[in-house]
1. Which residue pairs have Cβ atoms under 9 Å apart, sit 6 or more places apart or on different chains, and have a first residue in segment 326-354 that is at positive phi and not assigned by TED's automatic domain parsing to the domain that holds residue 184 and a second that is surrounded by fewer than 18 Cβ atoms within 10 Å (Cβ to Cβ) and part of a strand (DSSP E or B)?
2. Sort out which residues of segment 53-88 are modelled with pLDDT under 95, more than 20 Å from residue 339 (Cα to Cα) and in contact with a strand residue (DSSP E or B) (Cβ under 7 Å, 6 or more places away or on another chain), and write them in order of number.
3. Would you point out which residue out of 131, 85 is in a strand (DSSP E or B), crowded, with 21+ Cβ neighbours inside 10 Å and out of contact with any helix residue (DSSP H, G or I) (no Cβ under 6 Å at 6 or more places or on another chain)?
4. Any residue that is farther than 25 Å from residue 16 by Cα, assigned to a strand (DSSP E or B) and in the same structural domain as residue 29 (by TED's automatic domain parsing) - is there at least one of those in segment 102-117?
5. Could you please find all residues in segment 223-250 being surrounded by 22 or more Cβ atoms within 10 Å (Cβ to Cβ), closer than 13 Å to residue 273 by Cβ and in contact with a helix residue (DSSP H, G or I) (Cβ under 6 Å, 6 or more places away or on another chain)?
């Protein structure tokens, strides 16, 4: 079978014309891949720049959608010919460790050196014609099987901010401020928040054009909020004014690489009394939080990574009900043979743009 092949970290990946086909084993499903999303930082991962933990040689690629080809004897809920979406995250199945911090994103990284034992069981990713995947990581797409594969592949992208919004308990009728809204995952958070029934979505970012595109999704509910300058209290006041009389119920932070904590502090400052903040971006700088302010305003601050296992199933239901707008995205597709061009394109994608490899 054809597939992308990384011989070792630091070497460029190449298209291998005759990789060994995966062999079915307990708990597994062989999926004939149809479309796999390309992360914006794929080149940095495979070059070793980000320090991700993965074995080589490697078939990279995480998530995606495809068709079930065969299932192990102990798999009962999936059948050959069924379209499925891939959730790449797996954790250990025992109760020996109450803190399940060891996890793996198949075809991408392990969380710790200890979790590489788990990674070795499901080491190869989805940038190939076929992939062996754990049955637990697959969600049926029966309700959406008529959609193009590249459209279906968007589900794994939306699931990430969706998980944070659910963790923050966003409810219909509430107001959410999304910082980093012009990024790939931030824009997906806007789409997910609309699907969850947010009455008002403050799209916070620096790219005015991208903010305008987000506002066009639902002018009655999406309010573009360009990041301004000035003291934190003034930035927070502008967000509160945009939120209206009920204030910001949830501050959702999906900022990438930030060198200034002020936009984050402004988002926290915009929260109503007993509001909630969810931190889910890639910020690595210290954030100076006020203990007294958090206590007296009774704020809840949550860190979140990824999404619960049922998230893809819920998104499928929302999309089938035409509540989740998959048409909001513009997807550039490339055949597997043009993976290098796809990686380059993904590196520059922003806002509602996406990139997928087609098998």
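1. Close Cβ pairs satisfying both conditions: 351/330.
2. 53
3. Numbers: 85 fails: out of contact with any helix residue (DSSP H, G or I) (no Cβ under 6 Å at 6 or more places or on another chain).
Checking each option against the conditions leaves just 131.
4. Yes: segment 102-117 contains one or more residues that are farther than 25 Å from residue 16 by Cα, assigned to a strand (DSSP E or B) and in the same structural domain as residue 29 (by TED's automatic domain parsing).
5. 248
Residues are listed down the side, and each one gets a yes or a no for (1) under 30 Å from residue 43 (Cβ atoms); (2) modelled with pLDDT under 95; (3) part of a loop (DSSP other than H, G, I, E, B):
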site: 278; (1), (2), (3): yes, no, no
site: 293; (1), (2), (3): no, no, no
site: 298; (1), (2), (3): no, no, yes
site: 301; (1), (2), (3): no, no, no
site: 313; (1), (2), (3): no, no, no
site: 316; (1), (2), (3): no, no, no
site: 324; (1), (2), (3): yes, no, yes
site: 333; (1), (2), (3): yes, no, no
site: 344; (1), (2), (3): yes, no, no
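Table: residues versus (1) under 17 Å from the mean Cα position of the chain (by Cα); (2) in contact (Cβ under 8 Å) with a residue 12 or more places away in the chain; (3) assigned by TED's automatic domain parsing to the domain that holds residue 342.
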{"position": "22", "(1), (2), (3)": "no, yes, yes"}
{"position": "25", "(1), (2), (3)": "no, yes, yes"}
{"position": "30", "(1), (2), (3)": "no, yes, yes"}
{"position": "33", "(1), (2), (3)": "no, yes, yes"}
{"position": "37", "(1), (2), (3)": "yes, yes, yes"}
{"position": "42", "(1), (2), (3)": "yes, yes, yes"}
{"position": "47", "(1), (2), (3)": "no, yes, yes"}
{"position": "50", "(1), (2), (3)": "no, no, yes"}
{"position": "57", "(1), (2), (3)": "no, yes, yes"}
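The values are calculated or read from the model by the stated rules, or taken from the named source; none is laboratory data. Since the model is a prediction, treat every value here as computed from it, not as a measurement. FYI the Cβ positions are ideal-geometry reconstructions off the backbone, even for glycines, and counts take in every protein chain you see.
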